[in-house]
Amino acid sequence: MILTKAQYEEIAQCLVAVPPTRQSLRKLKQRFPSQSQSTLLSIFSQEYQKHIKRTHAKHHTVEAIETYYQRYLSGVVKDGTAPVLLELANEVDYAPSLMARIILERFLQEQEESPPSKSIINSMLRDPSQIPDGVLANQVYQCIVNDCCYGPLVGCIKHAIGHEHEVLLRDLLLERNLSFLDEDQLRAKGYDKTPDFILEVPVVMLCPLALEGHIIHWIESKASFGDECSHQAYLHDQFWSYWNRFGPGLVIYWYGFIKELDCNRERGILLKDCFPTDLVTLGQSIAQP
């Protein structure tokens, strides 16, 4: 789904001060019924992550951490089964999984009298049954399963979706009998930064409004929506590096992108929201009258 910048900003504006809940996502779908669920979820997640980055520091002051921890303790004393941490996170507008991390770190520091290692924290967040306090374990679990933007559960889902779309792209390349090298094969050859697929024989993407097509040497799969913030970061960290090393290429944002971002075609980076059907091999393109 390709959106104009105005369409994207209308959706983003609706997400201001909206809590990151599944109920909010359902309301967003009702507000924009013509947009796909996947596109809206991706925009929803990206906008919330921007908000969290802007407000992250204020939740990690010594005063804030101590206030949250004391509120947690007093809350579970009253009712240990109530979703104390989840409600606290929603009240202060912070991601539940990140709130759970703050409280868990503070709890372990009190128990061990020293800051716990990140590996221990991450392991306990992935499996709350490892937490030595049953009440806190349940509170952390509630935060993890109710967080639709952060946390180990969301991370696993995103990883699986990303892999699923890479497999889909691989299958589409095989269907077209296009020879390629994947990331693992490229890394075995000593490359560090690599796109998902390098085409061993370049292809040309034909463009109805252009006299000439666009040559494609590589394809990158992104199971997300391409907004300005993420796309500029990808250009800086990945796409221009691929272009410098392998030549022009194609990025597929499976959940859509802002139309105005597709402005580097002449420089050699094309954007699509699906696998293009107008591909021909370089040999076929030369043979055409």
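The values are calculated or read from the model by the stated rules, or taken from the named source; none is laboratory data. Keep in mind that what you see is a predicted model, and the values were worked out from it rather than measured. As a convention, Cβ positions derive from the backbone with ideal geometry for all residues, glycine included, and neighbour counts pool all protein chains shown. Remember, those area values only see protein heavy atoms, side chains included, never the ligands or the DNA or RNA. Shrake-Rupley method; radii C 1.70, N 1.55, O 1.52, S 1.80 Å.
For segment 227-270, a residue qualifies if it is of a type outside the set (Gly, Ala, Ser), assigned to a strand (DSSP E or B) and closer than 14 Å to Asp196 by Cα, and the qualifying residues are Leu250, Val251, Ile252, Tyr253. Tell me, please, whether a residue that is buried (at least 17 other Cβ atoms within 10 Å of the Cβ), touching a Phe, Trp or Tyr at 6+ places or on another chain (Cβ under 8 Å) and not in a helix (DSSP H, G or I) can be found in segment 86-103. Looking through segment 86-103, at least one residue is buried (at least 17 other Cβ atoms within 10 Å of the Cβ), touching a Phe, Trp or Tyr at 6+ places or on another chain (Cβ under 8 Å) and not in a helix (DSSP H, G or I). Residues in segment 16-41 that are of a type in the set (Gly, Ala, Ser) and within 29 Å of Ile103 (Cβ to Cβ) were compared, and the one that is most open to solvent (accessible area, probe 1.4 Å) is Ala17.
Scanning segment 130-154 for residues that are over 14 Å from Ala100 (Cβ atoms) and free of Cβ contacts under 8 Å to residues at least 12 places away in the same chain gives a single hit, Gly134. In this structure, Leu73 does not satisfy being crowded, with 17+ Cβ neighbours inside 10 Å, out of contact with any His (no Cβ under 8 Å at 6 or more places or on another chain), modelled with pLDDT of 90 or more and not assigned by the TED database to the domain that holds Phe257. In segment 158-166 there is at least one residue matching the filter, namely being closer than 15 Å to Leu250 by Cβ and in contact with a strand residue (DSSP E or B) (Cβ under 9 Å, 6 or more places away or on another chain).
Taking the criterion of being charged (D, E, K, R), within 21 Å of the chain's Cα centre (by Cα) and open to solvent by 60 Å² or more (accessible area, probe 1.4 Å), the residues of segment 104-159 that qualify are Arg126, Lys158. Exactly one residue out of Leu174, Leu136, Leu168 is out of contact with any His (no Cβ under 9 Å at 6 or more places or on another chain), outside the structural domain of Pro276 (by the TED database) and not in a loop (DSSP other than H, G, I, E, B): that is Leu136.
Condition check ((1) surrounded by 19 or more Cβ atoms within 10 Å (Cβ to Cβ); (2) out of contact with any Phe, Trp or Tyr (no Cβ under 7 Å at 6 or more places or on another chain); (3) in the same structural domain as Leu174 (by the TED database)) across all residues:
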position: Leu206; (1), (2), (3): no, yes, yes
position: Gly213; (1), (2), (3): no, yes, yes
position: Ala223; (1), (2), (3): yes, no, yes
position: Ser230; (1), (2), (3): yes, yes, yes
position: Leu250; (1), (2), (3): yes, yes, yes
position: Gly256; (1), (2), (3): yes, no, yes
position: Leu261; (1), (2), (3): yes, yes, yes
position: Asn264; (1), (2), (3): no, yes, yes
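Look at segment 47-68: where a residue is open to solvent by less than 70 Å² (accessible area, probe 1.4 Å) and a partner is in a helix (DSSP H, G or I) and small (Gly, Ala, Ser), sitting 6+ places away or on another chain with Cβ atoms under 6 Å, you get Glu47/Ala12.
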